[in-house]
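Visitor: Dropping the structure in here first, questions after.
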Amino acid sequence: MTDAPHVRLFLPGPTEVRREVLEAQARWMVGHRMPEATELVAGISPRLRRVFQTEARVLISTSSGTGLWEGASRNGVRERVLHAVNGAFSERWADVSARNGKAVETLAFDWGRPVDPAALADRLRGGGFDAVAVVHNESSTGVISPLADLAAAVRAAPGGDDLILMVDAVSSLAGADVPCDALDLDIVLTSSQKAFALPPGLAFAMVSERAMARAATVPGRGYYFDFLELARYLDQDQTPATPALSLLCALDVQLDAMLAEGLAARFARHRAMQDAVLAWADARGFERYAAPGAESPTVSCLRTGGRLDVGALNRFLRQRGMILSSGYGPLKGETFRIGHMGDWGVADVAELLEAVDAYRETAPAVAPAAS
Ligand SMILES: *Cc1c(COP(=O)(O)O)cnc(C)c1O
C-alpha cells in the first residue's frame, strides 16, 4: 500500500490526510489504561472543545459519524423526533432514528434546497416533538442550511427550551463556522474523515448539559453509544472501550495544526476554495445544484449538463494523481462533486480545475451515464 501511487482526494470524504498526520499513527502502541493514553485524551479534550466552540463535553467515539447518529437518536430522543430532510444524509439519519424505535416525522424539502427556518418554526408550532434533527451541510447536494436561524426557530417554538436540537455537522465542522455554545445547540456530531482531514474511524459529538439531562431520562440507550457512559469515562480522560489509539495520535497532531491556523482563517480558506470552484464552474456553464445562497463552503455539487462523463474524467484525473466525486445516489450522472475540505488550499483546487479543463479539451461532449 505504501508504494501505491498517491491519488489526491477531492472528495466529500474521506479527505486528503497530510503525511505528518498519517505518520503520527505509527507511534508505538500503548495500553488504553496506561497513563500515556490518559494523557493523550487529557491533551485532546480541551483542544477539541475549542474546535467545537464549546465549554461542554465533546465525546470521542471509535466509529464513523453514523455511529453517533445512532447515539444521538438513542440518547437525545425520548419519543418523537422531527427530522428535516433535504438530501440523502438527512434522509438516512431519519431512517436511523426510526430503526432505533423512535417515532419519526419528517419535514421535507426538495433536494438542492436548504432547510427553511420559517417552515421549521411552522411545523414546531403544534408541539408534540421532544427533539429536532438537522443536517447542517448536505454532502449529497452541496447545500448548507442556515444553522443560526434554525436554532433560533427551535428555541422560539412552544416548549423550545426542552427540545433537543441535534445537528449533523459531519461535512461542515472545522470547515465552516459551527459555534455550538453561541447557538445553544445540544448534540453536534462529526466524523474524522471530513473537514478534520484525518483518516476515518473516529467520530466526535458535542453534548450539552440539556442533552445529558435528557439522556438520563431515556431508556434503551444501549451501551456502545450511551452518552452517560461515554461522559463518565471522558471525565477521567478515558473511553469505555478500547479506542482507536493510533487515530487519537493523528488527532493530537492535527488539532495543533488546526488551532495554529486559527478557526477563522480555516473557514476563510474553505470559502476561498469554494469561490475558486464556483467561479470556474460559472465560467464554463456548469450550474450549481444548490439553490442560490445555499452553496456549501466544503463541497460543491455541480450539474454535468450532459457535457461531462464523470467516470471518464476520473480515469483521466487518476493518471494525474487526483480524483473528484460523482453525484450521490440518484444524482449520479446528473451532477459531480468537488470536495474542497480539510487541508487543501486554493492552489490545490486550481490544479484540479486545470486538469478538468485539460480533460475537457481532449474529450468529446457526452450525455450523462444512464446508471
Ligand atoms: C459522510 C457523511 C455522513 C456519514 O458519516 P460516516 O462517517 O461515513 O458514517 C453523515 N452525514 C454527512 C453530512 C456526511 O457527509
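Visitor: Hey, among the residues in region 45-68 that are hydroxyl-bearing (Ser, Thr, Tyr) and outside any loop (DSSP other than H, G, I, E, B), which one's nearest to Pro179 (Cα to Cα)?
Guide: Step by step, filter region 45-68, then rank; the result is Ser45.
Visitor: Ok, one more. Hey, does region 119-129 have a residue that's over 18 Å from the mean Cα position of the chain (by Cα), of a type in the set (Asp, Glu) and either closer than 16 Å to Ala294 by Cα or part of a strand (DSSP E or B) (or both)?
Guide: Taking every residue of region 119-129 in turn, none turns out to be over 18 Å from the mean Cα position of the chain (by Cα), of a type in the set (Asp, Glu) and either closer than 16 Å to Ala294 by Cα or part of a strand (DSSP E or B) (or both).
Visitor: Kindly provide the set of residues from region 180-200 that are more than 9 Å from the ligand (Cβ to nearest atom) and touching a helix residue (DSSP H, G or I) at 6+ places or on another chain (Cβ under 8 Å), ordered by number.
Guide: Scanning region 180-200 gives Leu183, Asp184, Leu185, Asp186, Ile187, Ala195, Phe196, Ala197, Leu198, Pro199.
Visitor: Of the conditions (1) within 12 Å of the ligand (Cβ to nearest atom); (2) surrounded by fewer than 24 Cβ atoms within 10 Å (Cβ to Cβ), Pro117 clears all except one; give me its number.
Guide: (1)
Visitor: Quick one: is Gly112 more than 20 Å from the chain's Cα centre (by Cα), more than 11 Å from the ligand (Cβ to nearest atom), of a type outside the set (S, T, N, Q) and assigned to a loop (DSSP other than H, G, I, E, B)?
Guide: Here the answer is no, as Gly112 does not meet what is asked.
Visitor: Right, another one. Within region 127-147, how many residues are surrounded by 24 or more Cβ atoms within 10 Å (Cβ to Cβ) and either modelled with pLDDT under 95 or charged (D, E, K, R) (or both)?
Guide: 1
Visitor: Only one residue in Gly112, Gly101, Gly76, Gly71 is touching a residue at least 60 places away in the same chain (Cβ under 8 Å) and surrounded by fewer than 18 Cβ atoms within 10 Å (Cβ to Cβ). Which one?
Guide: Only one candidate qualifies: Gly101.
Visitor: Against the conditions (1) within 27 Å of Leu22 (Cα to Cα); (2) surrounded by fewer than 20 Cβ atoms within 10 Å (Cβ to Cβ); (3) not basic (Lys, Arg), where does Leu255 fall short? Just the number, please.
Guide: (2)
Visitor: What is the residue count in region 1-44 for residues that are within 19 Å of the chain's Cα centre (by Cα) and not in a loop (DSSP other than H, G, I, E, B)?
Guide: Here the count works out to 1.
Visitor: Quick one: in region 303-319, of everything that is outside any helix (DSSP H, G or I) and in contact (Cβ under 8 Å) with a residue 60 or more places away in the chain, which residue is surrounded by the fewest Cβ atoms within 10 Å (Cβ to Cβ)?
Guide: Gly306
Visitor: Moving on. Kindly evaluate Ser300 against the criterion of being small (Gly, Ala, Ser) and under 19 Å from Glu138 (Cα atoms).
Guide: Spelling it out, Ser300 is indeed small (Gly, Ala, Ser) and under 19 Å from Glu138 (Cα atoms).
Visitor: Something else now. Could you grab me the full set of residues in region 308-333 that are basic (Lys, Arg) and under 26 Å from Ala4 (Cα atoms)?
Guide: Within region 308-333, Arg315, Arg318, Arg320 meet the criteria.
Visitor: For residues that are small (Gly, Ala, Ser) and touching a Gly at 6+ places or on another chain (Cβ under 9 Å), scanning just region 30-64, find the one that is farthest from the ligand (Cβ to nearest atom).
Guide: For region 30-64, the residue satisfying everything is Ala37.
Visitor: Identify all residues within region 331-348 that are assigned to a helix (DSSP H, G or I) and either basic (Lys, Arg) or in contact (Cβ under 8 Å) with a residue 12 or more places away in the chain (or both); write none if there are none.
Guide: Leu331, Val346, Asp348
Visitor: Going residue by residue through region 203-218, is there one that turns out to be within 16 Å of the ligand (Cβ to nearest atom), farther than 18 Å from Trp93 by Cβ and either outside any loop (DSSP other than H, G, I, E, B) or in contact with a helix residue (DSSP H, G or I) (Cβ under 9 Å, 6 or more places away or on another chain) (or both)?
Guide: no
Visitor: Turning to a different aspect of this structure: Counting only residues that are closer than 22 Å to Lys332 by Cβ and among the aliphatic types (A, V, I, L, M), which one in region 75-108 is farthest from the ligand (Cβ to nearest atom)?
Guide: Per the stated criteria, the residue is Ala108.
Visitor: Tell me which residues, restricted to region 134-173, are in contact with a helix residue (DSSP H, G or I) (Cβ under 6 Å, 6 or more places away or on another chain), among the small types (Gly, Ala, Ser) and more than 11 Å from the ligand (Cβ to nearest atom).
Guide: Scanning region 134-173 gives Ala153, Ala157, Gly160.
Visitor: Out of the residues in region 219-244 meeting the condition of being part of a loop (DSSP other than H, G, I, E, B) and buried (at least 20 other Cβ atoms within 10 Å of the Cβ), tell me which one is farthest from the ligand (Cβ to nearest atom).
Guide: Checking each candidate, the answer is Thr239.
The values are calculated or read from the model by the stated rules, or taken from the named source; none is laboratory data. Predicted model, so just to flag it, every value in this text is computed and none were measured. Backbone-built Cβ (ideal geometry, glycine too); neighbour counts: all protein chains shown.
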